[in-house]
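Everything below concerns the one structure shown next.
The values are calculated or read from the model by the stated rules, or taken from the named source; none is laboratory data. Small disclaimer: the values here were computed from a predicted structure and weren't measured. Because the Cβ atoms are built from the backbone with ideal geometry, glycine has one as well, and the counts that use them run over all protein chains shown.
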Amino acid sequence: MFEDISQVVNFCEKEGIKIIDFKVVDLAGRWHHLSIPVERFNEKILEDGIGFDGSSYGFLSVEKSDMIFKPDIRTGFIDPFCEVPTLSMIADIYQITDKNERFQSDPRYIAEKAERYLKKTGIADEYIIGPEFEFYVFDHISFINKNNHQEVYIDTEQAYWNNGNKNYQNLGYKVEFQKGYHVDLPKDITNDFRSKITRQLEDLGISVKYHHHEVGGSGQVEIETQFGRLREMADKTLILKYVVKNLAIQEGKTVTFMPKPLYGEAGSGMHVHMQLFKDGKPVFYDEKGYSGLSETALYYIGGILKHAPALLAFTNPSTNSYKRLVPGYEAPVSICFATANRSSVIRIPGYAKKPEKKRFEFRPSDATANPYLAFSALLLAGIDGIINKIDPVKEGYGPYDVNIFDLPEEERNKIKSLPKSLDEAADALERDYEFLLAGGVFTKELITDHIRRIREDARKINIIPHPMEYRLYYDL
(Lines give C-alpha, C1' and ligand atoms only; values in the text may rest on other atoms or scores of the structure.)
Protein backbone atom coordinates (compact mmCIF):
# COMPACT_ATOMS: atom_id res chain seq x y z
CA MET A 1 0.00 0.00 0.00
CA PHE A 2 2.87 2.37 0.81
CA GLU A 3 6.35 2.84 -0.64
CA ASP A 4 7.85 5.20 1.95
CA ILE A 5 7.05 6.64 5.36
CA SER A 6 5.94 9.99 3.96
CA GLN A 7 3.09 8.22 2.18
CA VAL A 8 2.08 6.59 5.47
CA VAL A 9 2.13 9.91 7.33
CA ASN A 10 0.13 11.69 4.63
CA PHE A 11 -2.41 8.87 4.50
CA CYS A 12 -2.87 8.89 8.27
CA GLU A 13 -3.46 12.64 8.26
CA LYS A 14 -5.93 12.43 5.39
CA GLU A 15 -7.90 9.49 6.81
CA GLY A 16 -7.81 10.57 10.44
CA ILE A 17 -5.85 7.51 11.59
CA LYS A 18 -5.24 7.52 15.36
CA ILE A 19 -3.54 4.13 15.96
CA ILE A 20 -0.88 2.16 14.08
CA ASP A 21 -1.19 -1.59 14.63
CA PHE A 22 1.48 -4.20 13.88
CA LYS A 23 0.65 -7.84 13.22
CA VAL A 24 3.29 -10.55 13.65
CA VAL A 25 2.82 -14.25 12.85
CA ASP A 26 3.93 -16.97 15.25
CA LEU A 27 5.15 -20.46 14.45
CA ALA A 28 1.65 -21.94 14.51
CA GLY A 29 0.29 -19.34 12.10
CA ARG A 30 -1.58 -17.08 14.53
CA TRP A 31 -1.31 -13.33 14.44
CA HIS A 32 -0.16 -11.40 17.49
CA HIS A 33 -0.41 -7.62 17.54
CA LEU A 34 0.92 -4.48 19.20
CA SER A 35 -0.43 -0.95 18.73
CA ILE A 36 1.02 2.55 19.12
CA PRO A 37 -0.44 6.07 18.88
CA VAL A 38 -0.03 7.46 15.39
CA GLU A 39 2.16 10.23 16.88
CA ARG A 40 4.81 7.64 17.84
CA PHE A 41 5.15 6.25 14.30
CA ASN A 42 8.33 7.51 12.66
CA GLU A 43 11.40 6.53 10.67
CA LYS A 44 13.10 5.24 13.82
CA ILE A 45 10.53 2.43 14.16
CA LEU A 46 11.25 1.33 10.58
CA GLU A 47 14.98 1.34 11.30
CA ASP A 48 15.17 0.04 14.87
CA GLY A 49 11.95 -1.97 15.15
CA ILE A 50 10.01 -2.87 18.30
CA GLY A 51 11.24 -5.48 20.78
CA PHE A 52 9.30 -8.61 21.81
CA ASP A 53 9.80 -12.06 23.35
CA GLY A 54 10.32 -14.55 20.53
CA SER A 55 9.92 -17.59 22.81
CA SER A 56 6.28 -16.61 23.35
CA TYR A 57 5.82 -16.98 19.60
CA GLY A 58 7.07 -20.57 19.61
CA PHE A 59 10.61 -19.84 18.39
CA LEU A 60 12.65 -21.75 20.96
CA SER A 61 15.80 -22.88 19.14
CA VAL A 62 17.61 -19.58 19.42
CA GLU A 63 20.27 -18.57 21.90
CA LYS A 64 18.37 -15.48 23.00
CA SER A 65 14.62 -15.00 22.80
CA ASP A 66 14.71 -11.19 22.63
CA MET A 67 13.78 -10.16 19.08
CA ILE A 68 12.43 -7.17 17.23
CA PHE A 69 9.88 -6.74 14.49
CA LYS A 70 9.87 -4.14 11.76
CA PRO A 71 6.69 -3.20 9.90
CA ASP A 72 6.36 -3.86 6.18
CA ILE A 73 4.56 -0.66 5.20
CA ARG A 74 3.62 -2.16 1.83
CA THR A 75 1.07 -4.33 3.65
CA GLY A 76 -0.81 -1.50 5.36
CA PHE A 77 -4.61 -1.58 5.50
CA ILE A 78 -7.31 0.22 7.46
CA ASP A 79 -8.53 -2.22 10.08
CA PRO A 80 -12.32 -2.49 9.65
CA PHE A 81 -12.86 -3.94 13.14
CA CYS A 82 -11.32 -1.22 15.31
CA GLU A 83 -13.56 1.51 16.71
CA VAL A 84 -10.65 3.95 16.89
CA PRO A 85 -9.39 4.58 13.31
CA THR A 86 -6.49 2.13 12.96
CA LEU A 87 -3.96 1.40 10.25
CA SER A 88 -2.64 -2.17 10.46
CA MET A 89 0.46 -3.55 8.81
CA ILE A 90 2.22 -6.91 8.84
CA ALA A 91 5.71 -7.00 10.35
CA ASP A 92 8.91 -8.97 9.74
CA ILE A 93 10.94 -10.56 12.54
CA TYR A 94 14.60 -9.70 13.14
CA GLN A 95 17.23 -11.15 15.45
CA ILE A 96 19.06 -8.68 17.67
CA THR A 97 22.64 -8.53 16.38
CA ASP A 98 25.06 -5.75 15.53
CA LYS A 99 23.09 -5.19 12.33
CA ASN A 100 19.69 -6.57 13.46
CA GLU A 101 19.50 -9.22 10.73
CA ARG A 102 16.36 -10.95 9.48
CA PHE A 103 15.41 -13.93 11.64
CA GLN A 104 16.04 -16.92 9.39
CA SER A 105 13.08 -18.86 10.86
CA ASP A 106 10.54 -16.04 10.51
CA PRO A 107 7.71 -17.77 8.57
CA ARG A 108 7.29 -14.72 6.37
CA TYR A 109 11.01 -14.74 5.59
CA ILE A 110 10.80 -18.46 4.79
CA ALA A 111 8.25 -17.60 2.08
CA GLU A 112 10.47 -14.81 0.76
CA LYS A 113 13.48 -17.14 0.60
CA ALA A 114 11.41 -19.83 -1.15
CA GLU A 115 10.43 -17.42 -3.93
CA ARG A 116 14.04 -16.28 -4.24
CA TYR A 117 15.30 -19.88 -4.43
CA LEU A 118 12.83 -20.71 -7.21
CA LYS A 119 14.24 -17.90 -9.35
CA LYS A 120 17.80 -19.00 -8.58
CA THR A 121 17.11 -22.52 -9.90
CA GLY A 122 16.08 -21.08 -13.25
CA ILE A 123 13.03 -23.34 -13.33
CA ALA A 124 10.56 -20.46 -13.11
CA ASP A 125 10.31 -16.90 -11.85
CA GLU A 126 6.75 -17.02 -10.51
CA TYR A 127 5.06 -19.50 -8.17
CA ILE A 128 1.33 -18.82 -8.38
CA ILE A 129 -1.01 -20.44 -5.88
CA GLY A 130 -4.70 -20.40 -5.15
CA PRO A 131 -5.93 -21.64 -1.76
CA GLU A 132 -9.59 -22.53 -1.23
CA PHE A 133 -11.06 -21.70 2.18
CA GLU A 134 -13.67 -23.99 3.72
CA PHE A 135 -14.99 -23.29 7.21
CA TYR A 136 -18.02 -23.72 9.46
CA VAL A 137 -20.32 -20.95 10.66
CA PHE A 138 -22.06 -21.68 13.99
CA ASP A 139 -24.46 -19.83 16.27
CA HIS A 140 -23.01 -21.35 19.44
CA ILE A 141 -19.87 -23.13 20.59
CA SER A 142 -18.95 -24.14 24.12
CA PHE A 143 -16.35 -26.60 25.34
CA ILE A 144 -14.86 -27.69 28.62
CA ASN A 145 -11.93 -29.88 29.60
CA LYS A 146 -11.83 -30.76 33.29
CA ASN A 147 -10.63 -33.87 35.06
CA ASN A 148 -14.22 -35.00 35.55
CA HIS A 149 -15.94 -33.27 32.64
CA GLN A 150 -15.15 -33.21 28.92
CA GLU A 151 -17.80 -31.68 26.70
CA VAL A 152 -18.31 -29.74 23.46
CA TYR A 153 -21.66 -28.35 22.39
CA ILE A 154 -22.21 -26.84 18.94
CA ASP A 155 -25.37 -25.41 17.46
CA THR A 156 -26.49 -23.65 14.32
CA GLU A 157 -30.06 -22.77 13.47
CA GLN A 158 -29.84 -24.22 9.97
CA ALA A 159 -28.81 -27.72 11.09
CA TYR A 160 -31.04 -30.74 10.55
CA TRP A 161 -30.97 -31.53 14.27
CA ASN A 162 -33.13 -28.43 14.83
CA ASN A 163 -35.99 -29.73 12.68
CA GLY A 164 -37.99 -30.60 15.79
CA ASN A 165 -36.98 -27.63 17.95
CA LYS A 166 -40.09 -26.17 19.66
CA ASN A 167 -38.31 -23.55 21.78
CA TYR A 168 -38.85 -20.80 19.18
CA GLN A 169 -40.95 -20.13 16.09
CA ASN A 170 -39.42 -22.81 13.89
CA LEU A 171 -39.97 -22.04 10.20
CA GLY A 172 -38.35 -25.20 8.90
CA TYR A 173 -36.03 -24.95 5.90
CA LYS A 174 -33.18 -26.73 7.65
CA VAL A 175 -30.24 -28.15 5.69
CA GLU A 176 -30.16 -31.92 5.77
CA PHE A 177 -27.10 -33.92 6.80
CA GLN A 178 -24.38 -33.73 4.08
CA LYS A 179 -26.84 -32.02 1.69
CA GLY A 180 -25.49 -28.48 1.83
CA TYR A 181 -23.58 -28.24 -1.46
CA HIS A 182 -24.68 -25.01 -3.23
CA VAL A 183 -27.95 -25.04 -1.24
CA ASP A 184 -30.07 -21.98 -2.05
CA LEU A 185 -32.05 -19.49 0.03
CA PRO A 186 -33.96 -19.66 2.35
CA LYS A 187 -31.96 -22.66 3.62
CA ASP A 188 -28.67 -20.85 2.98
CA ILE A 189 -28.92 -18.50 5.97
CA THR A 190 -25.23 -17.43 5.76
CA ASN A 191 -25.47 -16.05 2.22
CA ASP A 192 -25.54 -12.39 3.27
CA PHE A 193 -22.75 -13.01 5.78
CA ARG A 194 -20.54 -14.42 3.03
CA SER A 195 -21.39 -11.53 0.74
CA LYS A 196 -20.36 -9.09 3.48
CA ILE A 197 -17.08 -10.99 3.85
CA THR A 198 -16.57 -10.84 0.09
CA ARG A 199 -17.11 -7.10 -0.10
CA GLN A 200 -14.84 -6.53 2.91
CA LEU A 201 -12.08 -8.60 1.31
CA GLU A 202 -12.45 -6.75 -1.98
CA ASP A 203 -12.10 -3.45 -0.11
CA LEU A 204 -8.85 -4.78 1.37
CA GLY A 205 -7.46 -5.73 -2.03
CA ILE A 206 -8.23 -9.46 -1.86
CA SER A 207 -10.04 -10.54 -5.02
CA VAL A 208 -12.71 -13.18 -4.45
CA LYS A 209 -13.54 -15.69 -7.16
CA TYR A 210 -16.81 -16.81 -5.55
CA HIS A 211 -18.51 -17.94 -2.35
CA HIS A 212 -21.07 -20.68 -1.72
CA HIS A 213 -22.46 -23.15 0.80
CA GLU A 214 -20.48 -26.37 1.06
CA VAL A 215 -21.46 -30.00 1.61
CA GLY A 216 -21.67 -29.88 5.41
CA GLY A 217 -25.33 -29.15 6.12
CA SER A 218 -24.55 -27.75 9.57
CA GLY A 219 -23.01 -24.49 8.42
CA GLN A 220 -20.08 -25.36 6.13
CA VAL A 221 -19.22 -22.70 3.53
CA GLU A 222 -16.42 -21.86 1.10
CA ILE A 223 -14.74 -18.70 -0.16
CA GLU A 224 -12.29 -19.00 -3.02
CA THR A 225 -9.91 -16.18 -3.88
CA GLN A 226 -8.08 -15.31 -7.07
CA PHE A 227 -4.53 -16.66 -7.41
CA GLY A 228 -1.34 -14.85 -6.43
CA ARG A 229 2.32 -15.21 -5.48
CA LEU A 230 3.45 -17.25 -2.48
CA ARG A 231 4.12 -14.62 0.19
CA GLU A 232 1.31 -12.42 -1.07
CA MET A 233 -1.20 -15.27 -0.73
CA ALA A 234 0.11 -16.24 2.70
CA ASP A 235 -0.43 -12.63 3.83
CA LYS A 236 -3.90 -12.67 2.29
CA THR A 237 -4.70 -15.99 3.96
CA LEU A 238 -4.18 -14.45 7.40
CA ILE A 239 -6.09 -11.31 6.44
CA LEU A 240 -8.98 -13.45 5.17
CA LYS A 241 -9.14 -15.47 8.38
CA TYR A 242 -9.00 -12.23 10.39
CA VAL A 243 -11.90 -10.74 8.43
CA VAL A 244 -14.01 -13.91 8.55
CA LYS A 245 -13.63 -14.40 12.31
CA ASN A 246 -14.18 -10.77 13.30
CA LEU A 247 -17.08 -10.16 10.95
CA ALA A 248 -18.70 -13.33 12.32
CA ILE A 249 -18.48 -11.92 15.85
CA GLN A 250 -20.09 -8.69 14.65
CA GLU A 251 -22.92 -10.76 13.13
CA GLY A 252 -23.46 -12.70 16.36
CA LYS A 253 -21.95 -15.86 14.88
CA THR A 254 -18.74 -17.81 15.36
CA VAL A 255 -16.46 -19.38 12.76
CA THR A 256 -13.94 -22.21 12.85
CA PHE A 257 -11.39 -23.34 10.27
CA MET A 258 -10.92 -26.62 12.17
CA PRO A 259 -10.74 -29.50 9.66
CA LYS A 260 -13.28 -31.64 11.54
CA PRO A 261 -15.40 -29.73 14.07
CA LEU A 262 -18.42 -32.04 13.70
CA TYR A 263 -18.53 -35.81 13.92
CA GLY A 264 -19.86 -37.35 10.70
CA GLU A 265 -20.19 -34.09 8.77
CA ALA A 266 -17.91 -33.08 5.89
CA GLY A 267 -14.48 -31.86 6.89
CA SER A 268 -13.01 -28.49 5.89
CA GLY A 269 -9.87 -28.40 3.78
CA MET A 270 -7.69 -25.73 2.24
CA HIS A 271 -6.92 -27.13 -1.20
CA VAL A 272 -3.93 -25.40 -2.78
CA HIS A 273 -3.78 -24.91 -6.56
CA MET A 274 -0.29 -24.45 -7.98
CA GLN A 275 1.25 -23.02 -11.16
CA LEU A 276 4.73 -22.03 -12.33
CA PHE A 277 5.49 -19.32 -14.89
CA LYS A 278 8.73 -18.27 -16.53
CA ASP A 279 8.94 -15.03 -18.50
CA GLY A 280 5.16 -14.94 -18.40
CA LYS A 281 4.76 -18.39 -19.97
CA PRO A 282 3.18 -21.41 -18.17
CA VAL A 283 5.76 -24.02 -17.21
CA PHE A 284 3.19 -26.72 -16.47
CA TYR A 285 1.51 -26.87 -19.91
CA ASP A 286 2.18 -29.32 -22.73
CA GLU A 287 -0.62 -30.07 -25.17
CA LYS A 288 0.74 -33.59 -25.78
CA GLY A 289 1.35 -34.47 -22.12
CA TYR A 290 -0.92 -36.38 -19.76
CA SER A 291 -3.94 -34.17 -19.06
CA GLY A 292 -2.12 -31.32 -20.80
CA LEU A 293 0.76 -31.33 -18.32
CA SER A 294 4.43 -30.86 -19.17
CA GLU A 295 7.22 -33.18 -18.10
CA THR A 296 8.30 -30.52 -15.61
CA ALA A 297 4.81 -30.50 -14.10
CA LEU A 298 4.90 -34.27 -13.68
CA TYR A 299 8.28 -34.11 -11.96
CA TYR A 300 6.87 -31.41 -9.67
CA ILE A 301 3.97 -33.72 -8.84
CA GLY A 302 6.45 -36.54 -8.25
CA GLY A 303 8.32 -34.42 -5.70
CA ILE A 304 5.18 -33.54 -3.79
CA LEU A 305 3.95 -37.13 -3.70
CA LYS A 306 7.35 -38.48 -2.63
CA HIS A 307 7.54 -36.01 0.24
CA ALA A 308 3.81 -36.00 1.03
CA PRO A 309 4.09 -37.73 4.45
CA ALA A 310 6.63 -35.14 5.64
CA LEU A 311 4.71 -32.27 4.04
CA LEU A 312 1.67 -33.08 6.17
CA ALA A 313 3.53 -31.92 9.28
CA PHE A 314 3.24 -28.42 7.77
CA THR A 315 0.07 -28.65 5.65
CA ASN A 316 -1.93 -30.54 8.30
CA PRO A 317 -0.28 -29.65 11.63
CA SER A 318 -3.15 -30.29 14.05
CA THR A 319 -4.46 -33.44 15.70
CA ASN A 320 -7.87 -32.51 14.33
CA SER A 321 -6.47 -32.68 10.77
CA TYR A 322 -6.36 -36.46 10.94
CA LYS A 323 -10.03 -36.75 11.87
CA ARG A 324 -10.70 -35.42 8.38
CA LEU A 325 -8.04 -37.50 6.59
CA VAL A 326 -9.71 -40.90 6.87
CA PRO A 327 -10.23 -43.51 4.11
CA GLY A 328 -13.59 -43.58 2.34
CA TYR A 329 -14.46 -39.89 2.63
CA GLU A 330 -13.88 -37.10 0.10
CA ALA A 331 -10.69 -35.95 1.82
CA PRO A 332 -7.84 -37.76 0.01
CA VAL A 333 -5.47 -40.10 1.81
CA SER A 334 -4.04 -42.02 -1.16
CA ILE A 335 -0.63 -40.81 -2.34
CA CYS A 336 -1.34 -40.61 -6.06
CA PHE A 337 -2.41 -38.21 -8.81
CA ALA A 338 -5.24 -38.13 -11.33
CA THR A 339 -7.46 -35.88 -13.41
CA ALA A 340 -10.74 -34.66 -11.89
CA ASN A 341 -10.41 -37.24 -9.10
CA ARG A 342 -11.16 -35.93 -5.62
CA SER A 343 -9.91 -39.09 -3.91
CA SER A 344 -6.27 -38.50 -4.97
CA VAL A 345 -3.71 -36.35 -3.12
CA ILE A 346 -2.96 -34.45 -6.35
CA ARG A 347 -5.97 -33.58 -8.49
CA ILE A 348 -5.69 -32.03 -11.96
CA PRO A 349 -8.85 -30.01 -12.65
CA GLY A 350 -10.41 -31.29 -15.85
CA TYR A 351 -11.92 -27.90 -16.64
CA ALA A 352 -8.58 -26.02 -16.64
CA LYS A 353 -7.58 -26.63 -20.27
CA LYS A 354 -5.99 -23.36 -21.43
CA PRO A 355 -2.18 -23.12 -21.16
CA GLU A 356 -2.29 -20.22 -18.67
CA LYS A 357 -4.91 -22.07 -16.58
CA LYS A 358 -3.18 -25.46 -16.49
CA ARG A 359 -2.53 -26.44 -12.89
CA PHE A 360 -3.09 -29.04 -10.21
CA GLU A 361 -4.09 -28.93 -6.58
CA PHE A 362 -2.84 -30.47 -3.36
CA ARG A 363 -6.01 -31.61 -1.63
CA PRO A 364 -5.12 -32.87 1.87
CA SER A 365 -4.08 -29.50 3.39
CA ASP A 366 -6.25 -27.55 5.81
CA ALA A 367 -6.34 -24.07 7.31
CA THR A 368 -4.77 -25.00 10.64
CA ALA A 369 -1.51 -24.68 8.67
CA ASN A 370 0.81 -21.72 8.91
CA PRO A 371 0.36 -20.60 5.28
CA TYR A 372 3.91 -19.25 4.88
CA LEU A 373 5.38 -22.60 5.89
CA ALA A 374 2.85 -24.82 4.11
CA PHE A 375 3.01 -23.00 0.77
CA SER A 376 6.81 -22.85 0.93
CA ALA A 377 7.14 -26.55 1.77
CA LEU A 378 4.94 -27.49 -1.19
CA LEU A 379 7.13 -25.41 -3.51
CA LEU A 380 10.36 -26.96 -2.22
CA ALA A 381 8.98 -30.49 -2.61
CA GLY A 382 8.04 -29.67 -6.20
CA ILE A 383 11.43 -28.16 -6.96
CA ASP A 384 13.10 -31.27 -5.52
CA GLY A 385 10.99 -33.37 -7.86
CA ILE A 386 12.05 -31.30 -10.88
CA ILE A 387 15.75 -31.24 -9.98
CA ASN A 388 15.85 -34.99 -9.31
CA LYS A 389 13.42 -35.87 -12.12
CA ILE A 390 11.06 -37.82 -9.88
CA ASP A 391 8.66 -39.43 -12.36
CA PRO A 392 5.33 -40.06 -10.58
CA VAL A 393 4.35 -42.73 -13.10
CA LYS A 394 7.56 -44.74 -12.64
CA GLU A 395 7.26 -44.28 -8.87
CA GLY A 396 3.81 -45.92 -8.98
CA TYR A 397 1.82 -42.82 -8.06
CA GLY A 398 -0.59 -43.14 -10.96
CA PRO A 399 -2.37 -41.70 -12.73
CA TYR A 400 -5.44 -43.25 -11.11
CA ASP A 401 -8.39 -41.89 -13.04
CA VAL A 402 -10.87 -43.89 -10.97
CA ASN A 403 -12.26 -43.52 -7.48
CA ILE A 404 -9.54 -45.07 -5.36
CA PHE A 405 -12.08 -46.60 -3.01
CA ASP A 406 -13.80 -48.42 -5.89
CA LEU A 407 -10.63 -50.36 -6.71
CA PRO A 408 -10.30 -54.00 -5.63
CA GLU A 409 -8.68 -54.22 -2.21
CA GLU A 410 -5.53 -55.80 -3.65
CA GLU A 411 -5.03 -52.86 -6.04
CA ARG A 412 -5.96 -50.30 -3.43
CA ASN A 413 -3.39 -51.69 -0.99
CA LYS A 414 -0.61 -51.02 -3.51
CA ILE A 415 -1.17 -47.27 -3.12
CA LYS A 416 0.66 -45.72 -0.20
CA SER A 417 -1.37 -43.72 2.30
CA LEU A 418 -0.80 -40.46 4.12
CA PRO A 419 0.05 -40.45 7.83
CA LYS A 420 -2.91 -41.38 10.02
CA SER A 421 -2.00 -39.10 12.93
CA LEU A 422 -0.02 -36.00 13.79
CA ASP A 423 2.61 -38.18 15.48
CA GLU A 424 3.08 -40.13 12.24
CA ALA A 425 3.45 -36.86 10.31
CA ALA A 426 6.08 -35.68 12.80
CA ASP A 427 7.91 -39.01 12.39
CA ALA A 428 7.86 -38.57 8.60
CA LEU A 429 9.27 -35.04 8.85
CA GLU A 430 12.08 -36.23 11.13
CA ARG A 431 13.04 -38.80 8.47
CA ASP A 432 12.61 -36.54 5.46
CA TYR A 433 13.46 -32.85 5.74
CA GLU A 434 16.60 -32.32 3.66
CA PHE A 435 14.56 -31.06 0.69
CA LEU A 436 13.32 -28.20 2.89
CA LEU A 437 16.87 -27.00 3.58
CA ALA A 438 17.65 -26.46 -0.13
CA GLY A 439 18.66 -22.91 -0.90
CA GLY A 440 18.74 -22.08 2.81
CA VAL A 441 14.95 -21.66 2.78
CA PHE A 442 13.93 -23.59 5.89
CA THR A 443 16.24 -23.85 8.86
CA LYS A 444 16.95 -26.93 10.95
CA GLU A 445 16.02 -24.83 14.00
CA LEU A 446 12.56 -24.04 12.66
CA ILE A 447 11.93 -27.67 11.75
CA THR A 448 13.02 -28.72 15.26
CA ASP A 449 10.74 -26.13 16.87
CA HIS A 450 7.84 -27.16 14.66
CA ILE A 451 8.23 -30.86 15.43
CA ARG A 452 8.45 -30.08 19.14
CA ARG A 453 5.28 -28.01 18.98
CA ILE A 454 3.13 -30.51 17.09
CA ARG A 455 4.36 -33.42 19.23
CA GLU A 456 3.33 -31.47 22.33
CA ASP A 457 -0.12 -30.91 20.80
CA ALA A 458 -0.41 -34.63 20.08
CA ARG A 459 0.67 -35.53 23.61
CA LYS A 460 -2.00 -33.28 25.12
CA ILE A 461 -4.74 -34.95 23.11
CA ASN A 462 -3.45 -38.52 23.48
CA ILE A 463 -3.67 -38.51 27.29
CA ILE A 464 -7.25 -37.19 27.56
CA PRO A 465 -9.96 -39.88 27.90
CA HIS A 466 -12.53 -39.67 25.10
CA PRO A 467 -16.29 -39.90 25.83
CA MET A 468 -16.62 -42.69 23.26
CA GLU A 469 -14.17 -44.79 25.30
CA TYR A 470 -16.70 -44.91 28.13
CA ARG A 471 -19.31 -46.30 25.77
CA LEU A 472 -16.86 -48.92 24.50
CA TYR A 473 -15.09 -49.95 27.69
CA TYR A 474 -16.83 -48.72 30.86
CA ASP A 475 -18.58 -52.03 31.60
CA LEU A 476 -15.63 -54.31 30.85
Within the bounds of the range 381-397, is there any residue that is surrounded by 20 or more Cβ atoms within 10 Å (Cβ to Cβ) and modelled with pLDDT under 95? yes
Residue satisfying all of: in the range 77-103; among the polar types (S, T, N, Q) and either in contact with a strand residue (DSSP E or B) (Cβ under 8 Å, 6 or more places away or on another chain) or not in a loop (DSSP other than H, G, I, E, B) (or both); modelled with the lowest pLDDT among these: Asn100
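Every residue, every condition in (1) free of Cβ contacts under 8 Å to residues at least 24 places away in the same chain; (2) outside the structural domain of Glu214 (by TED's automatic domain parsing); (3) not in a loop (DSSP other than H, G, I, E, B), yes or no:
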position	(1), (2), (3)
Tyr322	no, no, yes
Arg342	yes, no, no
Glu361	no, no, yes
Asp366	no, no, no
Ile390	no, no, no
Tyr397	no, no, no
Tyr400	no, no, no
Lys414	yes, no, no
Just to be sure, is Arg455 under 18 Å from Asn370 (Cβ atoms) and assigned to a helix (DSSP H, G or I)? yes
Could you check the range 21-54 and list, in sequence order, the residues that are surrounded by fewer than 14 Cβ atoms within 10 Å (Cβ to Cβ), of a type outside the set (D, E, K, R) and out of contact with any strand residue (DSSP E or B) (no Cβ under 7 Å at 6 or more places or on another chain)? Asn42
Among the residues listed as Phe77, Phe135, the single one being assigned by TED's automatic domain parsing to the domain that holds Leu276 and closer than 30 Å to Leu379 by Cα: Phe135
Is the range 139-146 home to any residue that is touching a residue at least 24 places away in the same chain (Cβ under 8 Å), assigned to a loop (DSSP other than H, G, I, E, B), crowded, with 18+ Cβ neighbours inside 10 Å and not aromatic (Phe, Trp, Tyr)? no
Would you check if Asp98 is farther than 19 Å from Pro371 by Cα, touching an Asp or Glu at 6+ places or on another chain (Cβ under 8 Å) and loosely packed, with under 15 Cβ neighbours inside 10 Å? no
Flagged in the range 114-138 as touching a residue at least 60 places away in the same chain (Cβ under 8 Å), surrounded by fewer than 22 Cβ atoms within 10 Å (Cβ to Cβ) and part of a helix (DSSP H, G or I), in numbering order, are Glu115, Arg116, Tyr117, Lys120, Thr121
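Just to check your reading of the model, which residue among Leu298, Leu305, Leu312 is under 16 Å from the mean Cα position of the chain (by Cα), buried (at least 24 other Cβ atoms within 10 Å of the Cβ) and not in a strand (DSSP E or B)? Steps first, please.
Values: Leu298 fails: under 16 Å from the mean Cα position of the chain (by Cα); Leu305 fails: under 16 Å from the mean Cα position of the chain (by Cα).
Result: Leu312 is the single residue among Leu298, Leu305, Leu312 that is under 16 Å from the mean Cα position of the chain (by Cα), buried (at least 24 other Cβ atoms within 10 Å of the Cβ) and not in a strand (DSSP E or B).
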